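Working notes for the structure below.
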Amino acid sequence: MENKFYNKSYNKFLIFILFFVIGLAIYDDYGFNIDEKFHRSNGFYWLNYIAEFFNLEQLAHLSKEKLINIKGFTLSPIEHFNKYAIIFDVPAAIIEVLFKLELPVDYYQMRHFLVFFYFYVGLIFFYKILFNRFKKDSLALIGVVLLFLTPRILGDSFQNLKDIVFLTFVIITSFWYFKTIDNFNKRNIILFSLFSAISISIRMFAVFFPISFIIFCLLSLKNENYKKKINHIVFHIITCVIFLILIWPLLWENTLESFLSYFEILGQYFGAKVLFLNNYYNSTALPYSYLPVWIFISTPILHLIIFFLGFSIMSARFFGRFINIKSNQIYNDFWRGTNEKKDFFILFNFIAIFLGIIFLNIKLYNSWRIAYFLYFFIIYIGIFYINIILIKLKNINLSYNFILKFIFFLFILLTAIRIIIYHPYQSLYFNMLTPNKIKNSVEVDYTGLSAIRFLNDIVVENPNKSVVKIGVASWYPLSRMIELLDSKDISKIEIVSNKKNSSSDYIYTIGISEVDKNLYKKYEIPINFTKHKELVIDGAIIYEVYKKK
Amino acid sequence: MKLFIYKIFTAFILFFILYKLTIGHTIRLVEEKITNLNSKENVEYIKDKIREEIKNGTKKETLISSEDAKLLNNFLIKIQSELKKLNNK
């Protein structure tokens with residue numbers, strides 16, 4: 001498709017424009033995430049703090065007013081849980097003030113678009129990182145398409161204000177790490193430190209960046225360069241700490257004490273039980289199989305195949321290097337050239353983080369969204385495999401070459417079709433290999449994305465009722481979603497407490513429980529209720545509604 | 001020296017994984033069971049169970065066998081007499 005009017009290099013622009021248009025067209029289709037209200041309050045809390053810090057009186061007053069109006073008896077007190085990063089929440093709060101967004105639907109949908117924008121920037125950097133490594137435009141684009149067509153990432157990129165932002169910054173930080181490999185100078189180290197600091201402020205997981213930077217510097221130490229390397233390690237640590245303090249207002253006062261308080265709070269987050277394969281576990285004592293099973297059931301088959309093949313080849317290569325290490329050799333022990341070093345960086349961090357999460361009792365809940373940034377490594381390793389295949393394809397006959405490419409695009413098409421089937425619940429995606437029994441033995445709609453749809457249906461179903469009483473048989477604050485209804489419908493809905501469920505007109509359940517439902521019948525549906533309707537997608541029950549007989 | 005460090009590091013990692021898969025795993029299971037024993041849902045479960053047993057018991061014509069009834073009767077008389085003795089002192 002190359003002529004004087006069209007150049008292959010336009011492909012990337014076309015694909016990126018297409019993705020942006022898709023994002024723009026569908027961002028308002030998505031439901032609302034349970035965490036959004038808290039993050040809005042976090043944004044205004046820190047905006048107020050920054051405004052007061054710099055004596056910006058008008059902004060301080062405005063943000064204070066907004067903060068006071070964010071209420072909810074189930075909302076975590078922001079003064080205590082004020083440890084989150086500001087990289088998303090404060091810009092979102094500023095946009096809300098600038099554009100004078102007063103309606104809840106407006107300011108939450110603005111945030112949905114903003115998360116997508118962050119993800120979009122992540123996609124651009126993902127393209128850049130793959131192009132940096134593989135030097136092939138088409139391969140980098142395939143990687144971008146695969147990341148965009150990762151259903152759980154795509155779905156979350158319209159409402160998950162934490163994990164998608166973190167994924168984006170993991171990609172950007174890795175890109176700057178690759179730049180330091182290409183050119184080990186102070187400019188690249190400063191930028192790497194800056195983005196490492198931003199990533200750390202979002203999730204402490206990102207300390208793997210400075211740690212692996214130090215390990216990789218030590219692994220490439222030689223007699224003639226050790227002074228320079230040690231200087232750069234010290235320089236990176238110092239700049240990283242400085243940037244961390246600068247971009248995290250929590251650390252502006254009593255820096256060390258505030259930093260330690262972050263870890264105290266970590267233990268207080270999510271003390272509930274997690275449903276996994278029909279059993280309830282404490283989030284700190286999940287079975288070792290939790291993360292591998294979740295990755296296996298919620299990742300498209302194409303992604304899994306290319307990842308496993310790429311991982312096997314990459315691991316075999318580095319294992320071969322490892323067992324052939326000699327006390328004196330010209331080459332580095334683990335890699336030959338910068339490209340292999342980049343691959344080793346990806347493989348090393350993927351294995352370290354994966355095993356760390358499994359064996360160090362890292363808290364996981366809400367499926368595996370906290371570890372969604374692993375998709376960056378998974379797709380990178382998959383692209384590594386495709387690169388090898390493309391090199392091999394050059395030497396085989398054309399028909400075989402065509403068949404392989406056809407199968408690949410068939411899988412891409414299949415994934416795209418399944419994404420459409422799940423729309424707008426791609427965040428709750430399960431692949432084709434997962435039986436329905438498994439889908440319904442784990443947490444599905446853990447952030448209550450379906451709640452607004454349910455409430456709107458109830459309003460439509462009861463046009464003449466002045467008040468509809470709704471009970472919730474799940475660990476979910478449905479009351480947070482009422483403000484998102486049309487103003488004329490808000491007074492129509494009354495949420496009753498769990499103990500009074502039997503007196504309600506309808507009971508809504510998404511199957512999420514903070515206690516072991518097999519032992520404690522807290523969320524049992526009263527006997528005077530029958531199933532009224534349910535939302536099932538691809539065999540997974542998203543929610544059920546019960547109505548009084 | 002370099003090879004020695006690599007060997008030590010590899011041995012440590014392998015030992016850690018092996019430990020976690022064997023002893024660590026067992027400790028984790030025991031910990032989980034202990035935590036569950038005094039968990040809210042377990043307490044609720046026991047409460048429900050007691051309620052259920054009482055309900056079932058009240059439905060029966062006789063709660064205890066005649067032999068047990070005799071034994072309990074003797075036991076209560078014995079306690080009563082000892083309490084009386086104590087009060088008379």
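The values are calculated or read from the model by the stated rules, or taken from the named source; none is laboratory data. This structure is a prediction, so every number in the text was calculated from the model and none was measured. Glycine gets a Cβ as well: all are built from the backbone with ideal geometry, and neighbour counts include every protein chain shown. The protein model used for the area step is the full one, side chains on, heavy atoms only, and it has no ligands, DNA or RNA in it. Shrake-Rupley method; radii C 1.70, N 1.55, O 1.52, S 1.80 Å.
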- request: Determine how large the accessible area of A:Tyr400 is when every protein chain is in place; take a 1.4 Å probe and give Å² rounded to the nearest 10.
  value: 120 Å²
statement: Treating every alpha carbon of segment A:209-264 as one equal point scatterer without solvent, the Debye formula yields log10 I(q)/I(0) values at q = 0.14, 0.21, 0.26 Å⁻¹ of -0.50, -0.79, -0.97
- prompt: For B:5-11, what's the mean count of beta carbons from other chains sitting within 10 Å of each residue's beta carbon?
  reply: 1
P(r) tail fraction, segment B:2-88 - alpha-carbon pairs more than 19 Å apart, %: 74 percent
message: Just to verify a number: what accessible area does A:Phe270 come out at with the full protein assembly present, 1.4 Å probe, Å² rounded to tens?
response: 40 Å²
message: Can you say what percent of the DSSP beta bridges in segment A:451-548, counting only those with both residues inside, are antiparallel? Round to 5.
response: 65 percent
- prompt: Residues of chain A: accessible area per residue at 1.4 Å, in Å²?
  reply: 44 Å²
statement: Share of accessible surface on carbon and sulfur in chain A, whole %, 1.4 Å probe and ligands ignored, is 64 percent
query: Using the per-residue mean of other Cβ atoms lying within 10 Å as a proxy for protection, in what order, highest first, do the peptides B:52-58, A:369-375, A:135-141 fall?
result: A:369-375, A:135-141, B:52-58
query: If r is the Cβ-Cβ distance from A:Glu524 to B:Ile34 and R0 is 30 Å, what FRET efficiency results, to the nearest 0.05?
result: 0.65
statement: Rounded to the nearest 5, the percent of DSSP beta bridges in chain A running antiparallel is 75 percent
field: For chain B, built as a Gaussian network whose Cα springs stay under 10 Å, the top-fluctuating residue of B:Glu67, B:Glu32, B:Glu41
entry: B:Glu67
- prompt: Given the pairs A:Lys135/A:Lys342; A:Lys517/B:Lys60; A:Lys273/A:Lys531; A:Lys500/B:Lys55; A:Lys521/B:Lys40; A:Lys469/A:Lys492, which are separated by over 19 angstrom at their Cα positions?
  reply: A:Lys517/B:Lys60; A:Lys273/A:Lys531; A:Lys500/B:Lys55
message: For the full complex of protein chains and a 1.4 angstrom probe, list A:Asp538, A:Asp182, A:Asp333 by accessible area with the highest value first.
response: A:Asp182, A:Asp538, A:Asp333
- request: Between A:Ile323 and B:Ile79, with labels modelled 7 Å along Cα→Cβ, what's the label distance in nm to one decimal, could you check?
  value: 7.4 nm
task: Set the Förster radius R0 to 30 Å, insert the Cβ-Cβ distance between A:Lys499 and A:Lys533 as r into 1/(1 + (r/R0)^6), and round the FRET efficiency to 0.05.
output: 0.80
- prompt: For A:Leu246 and A:Asn397, FRET efficiency with R0 = 45 Å and r from the beta-carbon atoms, rounded to 0.05?
  reply: 0.20
statement: Mean other chain Cβ within 10 Å across B:27-39 is 3
query: Going by a 1.4 Å probe on protein heavy atoms, which residues of segment A:492-523 end up with at least 30 Å² less accessible surface in the whole assembly than in their chain alone?
result: A:Leu519, A:Tyr520
field: Restricting segment A:204-302 to GluC sites (Glu not before Pro) in coil, as DSSP defines it, with at most 13 other Cβ within 10 Å
entry: A:Glu224, A:Glu253
query: Once label points are set 7 Å from the Cα along Cα→Cβ at both A:Tyr262 and A:Asn185, what is their separation, rounded to one decimal in nm?
result: 3.1 nm
- request: Calculate, in whole percent, how much of the Cα-Cα pair population of segment A:276-410 lies beyond 19 Å.
  value: 61 percent
- request: May I ask for the distance between the Cα centers of segment A:423-441 and segment A:232-295, given as a whole number of Å?
  value: 28 Å
message: Multiplying the sequence separation of A:Met432 and A:Phe99 by 0.36 nm and subtracting their Cα-Cα distance, what value in nm do you get?
response: 115.6 nm
- request: Take the alpha carbon gyration tensor of segment A:451-548, find the square roots of its eigenvalues, order them as a ≥ b ≥ c, and report rounded if a/c is under 1.5; if not, report prolate when a/b exceeds b/c, else oblate.
  value: prolate
query: Of A:Glu443, A:Glu65, which has the most accessible area and how do the rest follow, probe 1.4 Å?
result: A:Glu65, A:Glu443
- prompt: Considering only protein heavy atoms, what is the solvent-accessible area of B:Arg51 at a probe of 1.4 Å, reported in Å² to the nearest 10?
  reply: 130 Å²
statement: Taking the protein assembly as shown and counting helices only, DSSP H stretches of n ≥ 4 at -39,500 (n - 2.57) each over all residues, the nearest-500 ellipticity at 222 nm comes to -20000 deg cm²/dmol
- prompt: Taking accessible area as the heavy-atom solvent-accessible surface of the protein chains with a 1.4 Å probe, which residues of segment B:43-64 lose no less than 10 Å² upon going from the isolated chain to the full protein assembly?
  reply: B:Glu44, B:Tyr45, B:Asp48
statement: Looks like segment A:337-464, by Cα gyration tensor root eigenvalues a ≥ b ≥ c and the a/c under 1.5 rounded cutoff (else prolate when a/b is bigger than b/c, oblate otherwise), is oblate
statement: Lys and Arg at +1, Asp and Glu at -1: neighbours of A:Val468 with Cβ under 9 Å from its Cβ sum to 0
- prompt: What is the pair-distance distribution P(r) of chain A, computed from all Cα-Cα distances in 10 Å bins starting at 0, with each bin given as a whole percent?
  reply: 3, 16, 26, 26, 17, 8, 3, 0, 0
- request: Between beta-carbons, use under 15 Å as the cut-off and find the net charge around A:Ile245, counting Lys and Arg +1, Asp and Glu -1.
  value: -1
message: Between helix A:337-359 and chain A, what is the angle of the helix's C-alpha long axis to the longest principal axis, kept within 0 to 90° and rounded to the nearest 10?
response: 40 degrees
